[in-house]
Amino acid sequence: MPYASSASPGRLYALAEPQAGYFTAAQAQTAGFSHSLLAYQVKTGRFLRVDHGIYRLAQFPHSPFEDLYAAWLKAGPAAVISHESALVVYGLSDHLPGAVHLIVPRTASRRRTGLRLHTHHLERQDITRREGLPLTTVPRTLADVAAGGLAEELVVQATQEALQRGLTTHATLRAYAQRRGGRGARLLLKTLEQVGGP
């Protein structure tokens with residue numbers, strides 16, 4: 001089956017490329033790929049089906065964060081990988097959460113199997129991209145896991161590792177905690193005291 005006249009492989013590539021080759025069935029449809037054409041591309045091996053409604057262009061390499069891409073695309077384009085799941089992307093924790101954590105807009109549906117959705121407010125400066133995924137910055141992530149009840153020793157370990165690897169600084173974390181306030185900020189400041197430093 002050749003490409004339908006309305007199908008635009010270039011447009012689909014443009015959508016999938018910044019997402020490390022991953023895309024949704026809805027995104028494929030906007031690029032002119034009907035359900036039957038999408039199924040045909042999977043059958044020929046050009047597209048790989050990752051999850052229900054989630055695909056990857058076969059020319060892109062497999063990602064170790066495939067479950068996070070699938071979760072993010074399911075949750076919607078405004079979702080951001082956060083909490084313990086962001087720690088995993090940064091390589092700051094060996095603790096694998098039982099569900100993928102994401103921060104979503106308050107209007108988003110919160111019923112998603114395998115996803116732990118949070119509706120905290122995010123500032124633009126709290127969001128970065130890594131491995132093609134939108135995720136909370138290191139300071140925001142550390143404050144969120146501290147406030148969210150992650151075991152204190154794991155928060156200390158992640159903070160120490162982030163500082164040692166130069167992913168953040170004592171001054172940045174302290175300034176972030178003072179600006180944010182609340183339980184997460186208090187625990188983050190306490191953690192900074194424990195790890196020591198300037």
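Each reported figure results from applying straightforward, stated rules to the coordinates on display, with no laboratory input. Since we're looking at a predicted model, the values are computed, not measured. In this analysis, Cβ positions are derived from the backbone assuming ideal geometry, glycine residues included, and neighbour counts consider all displayed protein chains.
Computed on the chain, with alpha-carbon pairs under 8 angstrom and 6+ residues apart, the relative contact order is 14 percent. GNM on the chain, alpha-carbon springs under 10 angstrom: the most fluctuating residue among Arg130, Arg116, Arg56 is Arg130.
Just to verify a number: FRET efficiency for Ala58 and Glu153, C-beta to C-beta distance, R0 = 35 Å, to 0.05?
0.25
Between the listed residues Gly32, Gly196, Leu96, the Cα displaced farthest toward the positive end of the dipole of the chain, a dipole computed from Cβ unit charges relative to the Cα centre, is found at Gly32. Sparsely packed loop sites in region 114-185 (the GluC sites (Glu not before Pro) outside DSSP H, G, I, E and B with at most 10 other Cβ atoms within 10 Å) comprise Glu123. What trypsin sites (Lys or Arg not before Pro) does region 143-183 have in DSSP loop regions with at most 12 other beta carbons within 10 Å? Listed in order of number, the matching sites are Arg165. Modelled spin-label separation between Gln178 and Glu123, with each label point placed 7 Å from Cα along the Cα-to-Cβ direction: 1.4 nm.
Apply the a/c threshold of 1.5 to the C-alpha gyration tensor of region 124-187 and tell me whether it is rounded, prolate or oblate. Rounded shape, in that the Cα axes give a/c under 1.5. In the Gaussian network model of the chain, springs joining C-alpha atoms below 10 Å, which of Ser63, Ser93, Ser36 carries the largest mean-square fluctuation? Answer for the Gaussian network model of the chain: Ser36.
Counting only Cβ charges, +1 for Lys and Arg and -1 for Asp and Glu, the dipole size of the chain around its Cα centre is about 600 debye. Remark: spin-label model distance Gln194-Arg11 equals 5.3 nm, labels positioned 7 Å along the Cα→Cβ axis.
When DSSP beta bridges are limited to those with both residues in the chain, what percentage is antiparallel, rounded to the nearest 5?
70
For the chain, the longest principal axis of the Cα atoms and the long axis of helix 35-44 meet at an angle of about 90 degrees. With everything on Cα atoms, drop me the angle between helix 170-180 and the longest principal axis of the chain, reported from 0 to 90° to the nearest 10. That works out to roughly 80 degrees. Computed over the chain, the Cα gyration tensor eigenvalues convert (square root of 5λ each) into semi-axes of 38, 15, 14 Å, ordered from largest to smallest.
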